[in-house]
1. Select from the range 17-51 those chymotrypsin sites (Phe, Trp or Tyr not before Pro) which occupy a DSSP coil region and have at most 15 other Cβ atoms within 10 Å, ordered by residue number.
2. Any idea of the accessible area per residue across the chain, 1.4 Å probe, to the nearest Å²?
3. Ignoring any ligand, DNA or RNA, what whole percent of the accessible area of the chain comes from carbon and sulfur when the probe is 1.4 angstrom?
4. Hey, for a label at Lys99 modelled as a point 7 Å past Cα toward Cβ, could you say which residues of the range 1-35 have their backbone N under 20 Å away?
5. With a cut-off of at most 10 other beta carbons within 10 Å, and DSSP calling the residue loop, which trypsin sites (Lys or Arg not before Pro) in the range 44-96 qualify? Please list them.
6. ³J(HN,Hα) across the range 85-95 via Karplus (A = 6.51, B = -1.76, C = 1.60, θ = phi - 60°), whole Hz, x for Gly/Pro?
7. Please return the longest range in the chain lying between exposed loop sites, taking GluC sites (Glu not before Pro), DSSP loop only, at most 13 other beta-carbon atoms within 10 Å, and leaving the sites out.
8. Quick one, what does Rg over Rh come out to for the chain if you take C-alpha atoms and the Kirkwood Rh?
Amino acid sequence: MERKFAIIIIKNKNNEYLQYYDERWNSYLFLNCRIESEFDIEKIKEEIRTKLNIANIDIFYVIDKIHTKFSESDKIYKEYHHYFFTINMNEVNDEILNKEFIINDKKFKWYSYKELKEDKRIQEVNSDIVDFIKEIEEKNK
C-alpha cells in the first residue's frame, strides 16, 4: 500500500531549501504532509500555517514520484507516492530570514543543495528526495 505525501519545497533568496527537524527520523527533512492527491491543496496550506504561521502563499504542483524506501520510524520498507510542490511565501515572519530558527517548538534550518548532499544523516534517510529536488531544478533551468 503506497503512502501519499506532499513534499513541500520552499526556497529562499539565497537558493537554500527549508528543512525542519523531525525527531522520529532524527534528521532534517522537507516539510511534508499526508495527502490524497495533487489536488489536496488545503491540507498543504494547513501544514504551512501550522508549522510556519504563514497563510499568504502560492502553491504549485511540480511532479509526483512513486518509490520504495526504508521508513526510519517503522523500520520497514514502504512504498511512497510523493507529490512535489513549490511554495512562494508572499509574507514572511522575521525569524524565517535566519539560517536557523524555531517556530511552534519546531527547529528549522535553511540548506543549500550542496549542504543537503554533504549532510550524512540527510543522505541516509532522505537522499531520494534530495535527488528528486535536483531533478526538478534541472528541469526548471
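1. Here the chymotrypsin sites (Phe, Trp or Tyr not before Pro) that fit, given the DSSP loop and packing criteria, are Phe39.
2. Ligands and nucleic acids excluded, the figure is 57 Å² per residue.
3. It is 45 percent, rounded to a whole number.
4. Residues 10-22, 27-30 qualify, since their backbone N sits under 20 Å from the label point.
5. Passing both the DSSP loop test and the Cβ count: Lys75.
6. Per residue, the Karplus-derived 3J(HN,Hα) values read 10, 9, 10, 9, 8, 8, 8, 9, 7, 4, 5 Hz.
7. 37-90
8. So for the chain, dividing Rg by the Kirkwood Rh gives 0.93.
The values are calculated or read from the model by the stated rules, or taken from the named source; none is laboratory data. Predicted, not measured: the structure shown is a model, and the values here were computed from it. Note that we place each Cβ from the backbone using ideal geometry, even for glycine, and neighbour counts take in every protein chain shown. Quick note on the areas: whole protein, heavy atoms, side chains included, nothing else; ligands and nucleic acids left out. Shrake-Rupley method; radii C 1.70, N 1.55, O 1.52, S 1.80 Å.
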